[in-house]
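What follows is calculated from the coordinates using simple rules that are stated; it is not laboratory data. All values reported here derive from a predicted model rather than from experimental measurement. Positions of Cβ are generated from backbone atoms using ideal geometry, with glycine treated the same way; all protein chains shown enter the neighbour counts.
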Amino acid sequence: MDPMIQLTAAQMAAKLRAGEITSVELTQAHLRRIEQVEPTINAFLHVNAEEALETAAGVDKIRAAGGAEAEKLHPLAGVPIAIKDLIVTKGQPTTAASKMLEGWMSPYDATVVEKIRAARLPILGKTNLDEFAMGSSTEHSAYGVTRNPWDTERIPGGSGGGSAAAVAAFEAPLALGTDTGGSIREPAAFTGTVGTKPTYGGVSRYGAIAMASSLDQIGPCARTVEDAALLHELIGGHDPKDSTSLPDPVPAFARAAAEHDVAGKKIGVIKQLSHGEGYQQGVLDAFHSSLESLKEAGAEIVEVDCPSFDYALGAYYLIMPSEASSNLARYDGVRYGKRVLPDDGPLTIERVMAATRAAGFGPEVKRRIVLGTYALSAGYYDAYYGSAQKIRTLIQRDFDRAFEQAEVLICPTAPTVPFKLGEKLDDPLKMYLNDIATIPANLAGIPGINVPGGLSEGLPVGIQFLAPAREDIRAYHAAGALEHLLGEKGEAIWQQIPELEEVH
Amino acid sequence: MNETLTDPQPLSFEEALKKYEPVLGFEVHVELNTVSKMFSSAPNAFGDEPNSNVNEVDLGLPGTLPVVNGRAVESAIKLGLALNCSIAESCRFARKQYFYPDTPKNWQTSQYDEPIAYDGWLDVELDDGEIFRVEIERAHMEEDAGKLTHAGTSGRIQGADYSLVDYNRAGVPLIEIVTKPITGAGERAPEVARAYVSAIRDIVKALKISDARMERGNVRCDANVSLMPKGASRFGTRSETKNVNSLRAVEHAVTYEIRRHAGVLAAGGSIVQETRHWQETSRTTSPGRIKSDADDYRYFPEPDLVPIVTTEEWIETLRAELPEPPAERRRRLREAWGYSDAEFRDVVAAGLLDEIEQTVEQGASPAVARKWWMGELSRLANARETAPAELGVEPATIVELNQLIEDGKINDKIARQVLEYHLDGEGSPGQIVAQRGLEVVSDDGALTAAVEKAMAENPDVVEKVKGGKLKAIGALIGPVMKETKGQADAGKVRQIVLEKLGIEG
């Protein structure tokens, strides 16, 4: 493996600035890696080498010329990036990993993609996901599973398994994900990488194909907290095209991530998300040793009680499918994407729409559309959607109280290490339970970050920090500190990944 | 649906009203004239190349998000205030979900349980000046759908060879105004219907929030009609006649539905709750979709938009911008101008209130202003197949023209010619008169000679005048005009004749 691609994004950026490497060399090295490991990993649905190299050459040219233009280059200019295929890009297909959008080319760029283009990060390609981001394992992609580079018999998490696996396997130093119930954080936990779900409204959703509008957020995927912070700074900020976007300026996340000082800081352990049924001992061991490290560094560990979290999963599985059933109504074969004509019978508009949706959507998508359609039906709305919104308010109140007692909250990101391919595919409820610790942050609109917290039987365990809304900076600070503390004891988790060739 | 095909013969309107009390209700959709659409920056324009005024938001492409048009919200608040509604301190949009190809997202962004304006009323004026109060349930904001054109003989989506869709209209801002049930109109129900829609049209025009052209669908009316036996208090089953898009059609549709309902009920039948289509040629309605309370649009609050919060200051600023209510303005002007009811109605019907008001403001008398706008200008407009207000004649021009007459510089006949020259682009009336040398002959010598000649040639007329028939002077004016090539002042001629005969004018 080219040592160049084993650097962090910040290190790559420094070498580019110093003229030690060029962006074309860096991009080519990643493209070579993609070529080597993709037959095994399948993290990418589409690779656009030509476009990436063109952007890279542009950066190199500006840097070579020097002067004001070179000075103005974004710190991450020339560092390649991968984009989850739920985020629309001009010039590359966007499929949402669904047959429904096979071959569809967006005529516009998502706001985050505009920012990435303006900052001149070569876009390597589009990464795999569960169809329309519906899943926790990337097994629901219409274009094949993505394998976990730590153990290719296991899932990389989902829905953003492609982005997380690409980052873990050194196919890309940075990637974009989207997180509706844990789709950035859970794959990060399962691949020993870092992933942030920003405060709702912190990053523009314009151009992120909607699953559940009130829960979706775009966020960064990286190998270190600093890298995630740098990418978050690039994509964050107000967007007039997204009415739910916050007006706040973007804080210096990366600086906070580098502070490392937790002495005297209160960190709250969420009672409901730190033990009990479904939690593997290895995960709890890694969690407790992370707590020990923080305590040794002077942090005060307190327990916080969030009783409403017991109902979070239930509320989530009413709100999310309700909004999804509506957001996915537009895929009907009339204007774009797939169109399927019924095999026999008259060609009415209803029958064409029905045939298109029957053929275009996979089973998990259909399951959620049916669930959501039912929950929003007249006579059921109050009992289902209405009640779920009340739970949501209760969860927000639990968080409010918890943040009176602690600056950040901590819990394992997922109750288990990555499971085997196919293990939960036939048991949706078991699959849903996997998101138990990530869902509350989406329901409350608060930020959450996954940082690697050790290994259990050679597989990564993720630790989640949660912070109050608009206080993403606290999560970066805490996650940066834990990463530093664990790093002092040995190699960083992401550096311990076995060589892919050696994996069975 | 087919039971309506065997509907019994409708009763006559008079018979129907003898037995039943009509209850009306209206949903009027007003298309706003904002520059851009309700939730996107695409142009809101009529009549352009199909699918040219659309962007990714209007097409509901994956990943797109709506942004509320602030001007549309202000329009809705203004309309709400003009309809004497309460304005919500906070309100939300909701998704009304149904699959139909003219709706790009397969939902319409509308308002459901939180309309921006609610609980208002509107006093509408009937033909005889009587005021009828219509209670307003709500006015809410929403987006329009695209336009479908069905190829083939059916003209409907069912049985069409193929259908074309134009999304230019998709996302155009609409305000839907919903009345409470209107009772007590009795035999005047059709008139109330017309007067109500007409009043809404006048208001949105006066507020300048809509082009208010019904023929273009800027103002569209769905008319609900039900009947209950005289003296009953429980409403009957209603029908909803969709898209009745002219004032006359609204009146006729309500009349027909009252007759049809009465026919069905009198024969012991029951009314099907359904939508009906208005048939302009036969002036009847035909059955559409069965509409039941089971229609489920799966409304839920639009999560991509934040609630609209209205402040007291904002509302008061908009209230201060409201024009005088059209009905009040009409009452004020009628009183001030002293026109007869018939005269005033004609002026309103001709759409010339603004023009006459401005002409009066600039110095003409109401009678003179009416004479010109309703007379010569209407005739000229007719000949040019346009409306008098569209001729491009400024009120100031009419004032100037009239001043020339009053100063005795030209007479009425010349003035009419001057107006034509003006329309041909020859400049102001003063310039035209000067350039063409049209000033009347007021030199007494030449005029007196012409009058003397005319009197000499018409002794019988002179005798009549002497005998007290002053009107006969008119017969002398013609020959004098002929002699002076039309440039004589008729008043002056009359004066000279009377002087010559020693009669006190």
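Overview of results
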{"quantity": "Label-point gap, in nm, between B:Lys208 and B:Asp127 - each point 7 angstrom along Cα→Cβ", "calculated": "3.5"}
{"quantity": "Computed over chain B: relative contact order in percent, which uses C-alpha pairs under 8 Å that are six or more apart", "calculated": "15"}
{"quantity": "Bins of 10 Å, starting at 0 and running to the largest distance - Cα pair percent for the range A:224-273", "calculated": "21, 31, 34, 13, 0"}
{"quantity": "Inter-chain shielding of B:299-307 (mean C-beta neighbours from other protein chains, 10 Å cut-off)", "calculated": "6"}
{"quantity": "Calculated FRET efficiency for the pair A:Asp310/A:Gln11, C-beta based, R₀ 35 Å, to 0.05", "calculated": "0.20"}
{"quantity": "Two-decimal Rg/Rh across chain A, once Rg and the Kirkwood Rh are taken from alpha-carbon atoms", "calculated": "0.96"}
{"quantity": "Share of pairwise Cα separations in the range B:357-484, more than 17 Å, in percent", "calculated": "64"}
{"quantity": "Of B:Lys413/B:Lys466; B:Lys371/B:Lys471; A:Lys271/A:Lys420; A:Lys265/A:Lys420; A:Lys90/B:Lys147, pairs whose Cα-Cα distance is over 31 Å", "calculated": "A:Lys265/A:Lys420"}
{"quantity": "Whole-number percent relative contact order across chain A, with pairs defined as alpha carbons under 8 Å at least 6 apart", "calculated": "17"}
{"quantity": "Within straight-line cross-link reach of A:Lys241, aspartates and glutamates at Cα separation under 15 Å, skipping those fewer than 8 residues along the same chain", "calculated": "A:Asp109, A:Glu114, B:Glu56, B:Asp58, B:Asp304"}
{"quantity": "Kyte-Doolittle mean at least 0.0 and Cα axial length at least 27 Å: DSSP H helices in chain B", "calculated": "B:247-266"}
{"quantity": "Nearest-0.05 FRET efficiency for B:Glu135 and B:Glu89, computed from C-beta distance (R0 22 Å)", "calculated": "0.50"}
{"quantity": "Antiparallel content of DSSP bridges confined to chain B, in %, to 5", "calculated": "90"}
{"quantity": "Contact order normalised by residue count of the range A:310-388, Cα under 8 Å, 6+ apart, percent", "calculated": "43"}
{"quantity": "Taking N as its residue count, the alpha carbon Rg of the protein assembly as shown over 2.2 N^0.38 Å", "calculated": "1.26"}
{"quantity": "Stokes-Einstein translational diffusion, the range B:444-501 - Kirkwood Rh over all Cα pairs, 1.002 mPa s, 20 °C, in µm²/s", "calculated": "196"}
{"quantity": "Pairwise label distance in nanometres, B:Glu385 with B:Thr153, each label 7 Å out on the Cα-Cβ vector", "calculated": "3.4"}
{"quantity": "Alpha-carbon centroid distance for the pair the range B:1-74 / the range A:240-305, whole angstrom", "calculated": "52"}
{"quantity": "Exposure proxy order (Cβ contacts within 10 Å, fewest to most) of A:Glu69, B:Glu27", "calculated": "A:Glu69, B:Glu27"}
{"quantity": "Rounded Å value of the spacing that divides the Cα centres of the range A:472-493 and the range A:143-177", "calculated": "22"}
{"quantity": "For A:325-336, mean number of other protein chain Cβ atoms within 10 Å", "calculated": "6"}
{"quantity": "Label-to-label distance, nm, for residues given as B:Ile315 and A:Ile301 (7 Å Cα→Cβ offset)", "calculated": "5.5"}
{"quantity": "Exceeding the 31 Å Cα-Cα cut-off - candidates A:Lys197/A:Lys390; A:Lys430/A:Lys489; A:Lys390/B:Lys78", "calculated": "A:Lys430/A:Lys489; A:Lys390/B:Lys78"}
{"quantity": "Packing-based exposure ordering (other Cβ within 10 Å, fewest first) of A:His484, A:His260", "calculated": "A:His260, A:His484"}
{"quantity": "Sites matching GluC sites (Glu not before Pro) across the range A:201-263 that sit in DSSP coil, with at most 14 neighbouring C-beta atoms within 10 Å", "calculated": "A:Glu259"}
{"quantity": "Cβ-derived FRET efficiency at R0 56 Å, B:Ala267 paired with B:Ser163, nearest 0.05", "calculated": "0.90"}
{"quantity": "Equivalent-ellipsoid semi-axes of the range A:310-388, from the Cα gyration tensor, Å, largest first", "calculated": "29, 12, 10"}
{"quantity": "D (Stokes-Einstein, µm²/s), Kirkwood Cα radius, chain B, 0.890 mPa s at 25 °C", "calculated": "91"}
{"quantity": "At 1.567 mPa s and 4 °C, Stokes D of the range A:37-196 from Kirkwood alpha-carbon radius, µm² per second", "calculated": "83"}
{"quantity": "Cβ-based net charge around A:Val250, under 10 Å, with every Lys or Arg adding one and every Asp or Glu removing one", "calculated": "-3"}
